[in-house]
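Structure record follows, encoded as structure tokens.
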Amino acid sequence: MALIKKTGLRPIDVVRKREFKELRLSEDASDDQLIKAMVKNPDLLQRPIVEMGDEAVLARPAEKALELIRT
């Protein structure tokens, strides 16, 4: 959860939509429920999340990782 918080996104923002549907997760799932689902089903989490110090970005597309260097 700490890594996702560094991105400034919510857990729902970093889930893969296809896997979300396949797992039949609820649109109303809480952040904690989504984190538990990600731990149980790692493919649910979009990757890569790139971390540099106190900041992180969901690097999709990969060029988004450059945002960490520019700040």
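Only the coordinates and a few stated rules stand behind these numbers; no lab work does. If you're wondering where the values come from, they're calculated on a predicted model, not measured in any experiment. Using ideal geometry, Cβ is built from the backbone for each residue, glycine included, and neighbour counts are taken over all protein chains shown.
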Can you tell me how many residues in region 24-52 are of a type outside the set (Gly, Ala, Ser), surrounded by 15 or more Cβ atoms within 10 Å (Cβ to Cβ) and touching a Leu at 6+ places or on another chain (Cβ under 9 Å)? 9
Considering residues that are loosely packed, with under 13 Cβ neighbours inside 10 Å and part of a loop (DSSP other than H, G, I, E, B), the number found within region 53-71 is 4
